[in-house]
Amino acid sequence: MKKVLLCLVTILIAWNIFALKNWQIHTNSTHIYEIEQVDSKIYIASWGGLEVFDLNTNEFEKKYTTIDGLSKNDIRALDYFAEREEFLFGTYGGGVNRMSNNEFQMPINEIIGLASDYVNKIGHQDSLIFIATKEGLSLFVNNPDFPFPFLVDNYNVENGLSANNITSFQIADNEYLYCGSEFGLDYVHIDSIGFINSWHHLNIENSLLPSNNISSISIKGNKIAIATDNGVLSSSDLNNPEQSQLYCEGLAVFPIFWDSQNNLWLSYGVWDSDLLVIQDTMDIAVTRISEEENVTNWFIDEAGLITSNIIDFEEIDNQICAITWGEGLLIFNSDNWETQIKPDCITANVVTDMKLDNNHKLWISNGHIGGGMISKGTRGVSGFDGEHWINFTANGSPLNSDNIFTIGIDSNNRKWFGSWSGESIFGWSGGMSIFDENNQTWEFITHSTHDLLPSNTISCIVKDNDDNMWVGSYPEGVVIFNTNDEIIHSFNLYQPATGYDFHDIRGVYITEEKVIIGCRYNGLRIWNNQSFPEDNGVHWIKPPFTELLAAEIYSIKKKSNSTTEEIWVASSNGLFMYDGNDWYLYGTNIKKKVWQDNHWFWSENIPDPEYWYYEGQERLYGSIPTYPTALFVDPFGLIWIGTRDAGITVFSKERDIFTNLTTENTPLISNNITAFAYEPLTGTLYIGTSDGLNSVEIGISAESNTETKLYDTIVYPNPFYPDNGEILRIENESSITMPKGETICNIYDLSGELILKLEKDIYEQFSWDGTNKAGKKCSSGIYFYIVSAPGGQVSKGKIILIR
């Protein structure tokens, strides 16, 4: 298993240094599948990684994600071998990760025989490991003489099971294995698991099961409780109806749990494995049935019980813990559920749009195009100040919908959250929710409150230089609001294509010279004037080729230089650039084409390096067939191109160099890139993906540097080996930059001769590649540096260089 250990990725681009520092992963871990208590720590398996909570300090101690070595962040199952001090993490798509002494071991996956890398449940009996997957049950055995478990066999519908996709299972004290699926209950003695005739199958035709759809199983001694979508069967002998009893008939029960006092705990609903939600929940959130059959119900918002979305129960230090889907853990303290263990994190694992507000707080949406929910999104919006998260949902705040597709920030720092309709879900509505963080107030703009707003489906929100807010109202064009939230102008799409005769505006990009409109089906339109666009006005222009007349436009960005204003366009038909005179198309086979005389020209007969890739040159998207989905132009002129499934290409147009960043060579959480946002004060680039949020420091411009103090300097790596590709960094300790202004660093050899005068790099710190002022390699030895900053500030130190 690949273990990503990259905390610093350094890539040489010509003579400059392109460095990525301090990678972080931000995922949601309040949606929890299972927990395991080991001593005073709770290990929490969530759809966004593994959290470790210390009961002694009441703090989260550690979060494990793919950046730490997990194969996938979506952890569906958790098991612990006390005798081996080994954890097993069952992931959805990455097999089973094994961790011992905080180190990841060789995983259990399809390569060594696992039925599927999509794991639902894990359990063990002595040295045997049972792994329920969506393609059947795998049995492995631990052998202390080998570094990984051996496969015993796989079991499916052909040799014992009623269904391959096992959704729940338990191992009883009498060594019987019970497997639940949508086709009923299968059980077998572990010693006879390999004999197909030894398997028993229960369903509504041959038992008291109220439904074949098994949602949860709990075993206590000789008693088993089986929850279904039509009630509960409790029994001390499944073969004897007289020792079986039905509870909650006609109700969808999920989950169910026997505690140490023989109380039966349960909640209600149906687990939707496609949308990853609990459907059909009730006002009754939790029911407890005592051994004497006394029934106690807790309703939502009663005794501190804030949700009915409960996915499991466990006991923690003899207290019942409700494992929730979205609110972390709720602990029952005799008469209330007010103790909550909830990670401070983003609200969902899909990122759709990101905007930084005027206070440099990041705001993130996770909606989608279309009505209804999606599996890891449609959970409202999140705000991040660099340390802590704030989340808003339609259920827990005035936010009008959880399907927030786009975000805008106005001149008063109000957040405009635009929903993609959303009226198909109870409690959701369309239009815009406007949050005034300073006054903690909410306002709403919908078709009902503003008659001129033609649709409640909001596709984009953009502020112009005059503080007007441009709102795409899909599929009805654009409306423009002034600072008093009054509509002052509206316009429709210019000349929709045949077959797409509607105003499917998805994005608006405003420059000093023009307005560029991107559509969902109709490609690109340009209003080549500084005025407001008019329906069928004289300033409309269209691209002269078909590729951008019928395409989905994902992102539009501007790159300025001393002579031209380049417009870069990410579309379903590829990456395009318009410099005001010519259109260019960038690709993986041919580097660049230019539109001339009604066709694409690329010097077909002469391998011109302007148009052709030279031998060995890294290519756009790493040559993977894909398309661009997000764009960002950084302060150093590099173009960041996010893709549908090939990660990121960083393009230095001036040096004609492509650098590809993927999950294979960086801690990127996913190769499906959805959005970028750059925080200039810290040089942090936020990267939105379909599986969560990355952040990484890419550098800070001199204009954004506000530091004035020179602290002690730190040097690393020291000693350093430049022949191994290492770059020495000299940094201002306790600050992200050196002091602004004329701060220099001189490198001297042992004789006191000046070897090189360094200028600040893109991080406003210093970097040295081990060469002198003539560009020649310095020999092995001891060198000294002196950093001089304004105000007579000085810091010095020693460097050991080894060739």
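The values are calculated or read from the model by the stated rules, or taken from the named source; none is laboratory data. Predicted model only: the values in this text are computed from it and were never measured. Note that each Cβ is placed from the backbone with ideal geometry, even for glycine, and that neighbours are counted across all protein chains shown. To get the accessible areas, we keep the full protein, side chains included, count just its heavy atoms, and leave off ligands, DNA and RNA. Shrake-Rupley method; radii C 1.70, N 1.55, O 1.52, S 1.80 Å.
Note on the chain: Rg/Rh from C-alpha atoms, Kirkwood Rh, equals 1.01. Given a 1.4 Å probe and the protein chains as shown, Lys593 ends up with an accessible area of around 50 Å². Counting Lys and Arg as +1 and Asp and Glu as -1 over every other residue whose Cβ lies under 13 Å from the Cβ of Gly113, the net charge comes to -4. For the range 468-517, rounded, prolate or oblate, judged on the Cα gyration tensor with a ≥ b ≥ c (square roots of eigenvalues), a/c < 1.5 rounded, else prolate if a/b > b/c? Verdict is oblate for the range 468-517. Residues Leu631, Leu452, sorted by accessible area with the largest first, give Leu452, Leu631 [1.4 Å probe; ligands and nucleic acids excluded]. Our estimate of slack between Asn581 and Val38, defined as 0.36 nm per intervening residue step minus the Cα-Cα distance, is 188.8 nm. The residues Leu710, Leu55, sorted by heavy-atom accessible surface at 1.4 Å with ligands and nucleic acids left out, run Leu55, Leu710 from largest to smallest.
Taking GluC sites (Glu not before Pro) across the range 28-111, the ones in a DSSP loop with at most 11 further Cβ atoms lying within 10 angstrom of their Cβ are Glu83, Glu85.
The HN-Hα couplings worked out from phi for the range 530-542 by the Karplus form 6.51 cos²θ - 1.76 cosθ + 1.60 (θ = phi - 60°) are 8, 7, 5, x, 10, 4, 6, x, 6, 8, 6, 9, 10 Hz, whole numbers, x standing for Gly and Pro.
Over every Cα atom in the range 624-684, the radius of gyration and the widest Cα-Cα span, Dmax, amount to 11.5, 36 Å. Database remark: amide H of Ala394 closer than 5 angstrom to the amide H of Asp402 (H placed geometrically; neighbours at sequence offset of 5 or more, or on other chains; Pro and chain starts carry no H).
When only alpha carbons of the range 114-220 are considered, Rg and Dmax amount to 13.5, 47 Å. According to the Kirkwood relation over distinct C-alpha pairs, the hydrodynamic radius of the range 418-509 is 13.8 Å. Over all pairs of different C-alpha atoms, the range 64-154 has a mean inverse distance whose reciprocal, the Kirkwood radius, equals 12.7 Å. Over the range 453-564, the ratio between the Cα radius of gyration and 2.2 N^0.38 Å evaluates to 1.02.
Other residues within the sphere of radius under 14 Å centred on the Cβ of Gly580, judged by their own Cβ, net out at -3 (K and R +1, D and E -1).
Taken over the C-alpha atoms, the range 704-795 has Rg and Dmax values of 13.0, 38 angstrom. A simple spin-label model places the labels of Tyr721 and Asp191 5.8 nm from each other, with each point 7 Å out along Cα-to-Cβ. In this structure Tyr247 has an accessible area near 40 Å², from a 1.4 Å probe over the protein heavy atoms.
Kirkwood-type hydrodynamic radius, the range 291-395: 16.0 Å, calculated from all non-identical alpha-carbon pairs.
What pairs in Lys463/Lys559; Lys63/Lys223; Lys557/Lys709 have C-alpha atoms more than 29 Å from each other? With Cα atoms farther than 29 Å apart: Lys63/Lys223; Lys557/Lys709.
How large is log10 I(q)/I(0) at q = 0.15, 0.16, 0.18 Å⁻¹ when the Debye formula is applied to the Cα atoms of the range 268-314, each weighted equally and without solvent? Here log10 of I(q) over I(0) equals -0.44, -0.50, -0.61.
In the assembled protein chains, His388 presents an accessible area of approximately 110 Å² (probe radius 1.4 Å).
On the beta carbon distance between His489 and Asn395, with R0 = 45 Å, the FRET formula returns roughly 0.80. Largest to smallest in accessible area, the residues Met577, Met106, Met282 fall in the order Met106, Met282, Met577 (1.4 Å probe, all protein chains included). Binning the C-alpha pair distances of the range 313-374 at 10 Å intervals from 0 yields a P(r) profile of 18, 31, 24, 21, 6 %, listed from the shortest bin outward. How many percent of the alpha carbon pairs in the range 115-157 exceed a separation of 15 Å? Across the range 115-157, Cα pairs with separations above 15 Å total 39 percent.
When Rg and the Kirkwood Rh are both derived from Cα coordinates, the Rg/Rh ratio for the range 363-437 amounts to 0.95. Note on the range 219-339: semi-axes of the ellipsoid equivalent to its C-alpha gyration tensor, largest first and rounded to whole Å, are 23, 18, 12. Coordinate range of the alpha-carbon atoms in the range 628-761 per principal axis, descending: 55, 35, 28 Å. Distance from the alpha carbon centroid of the range 97-167 to that of the range 351-392 works out to 36 angstrom. If each Cα of the range 749-803 is one equal point scatterer, what is log10 of I(q)/I(0) from the Debye formula at q = 0.18 Å⁻¹? Treating every Cα as an identical point scatterer, log10 I(q)/I(0) equals -0.67.
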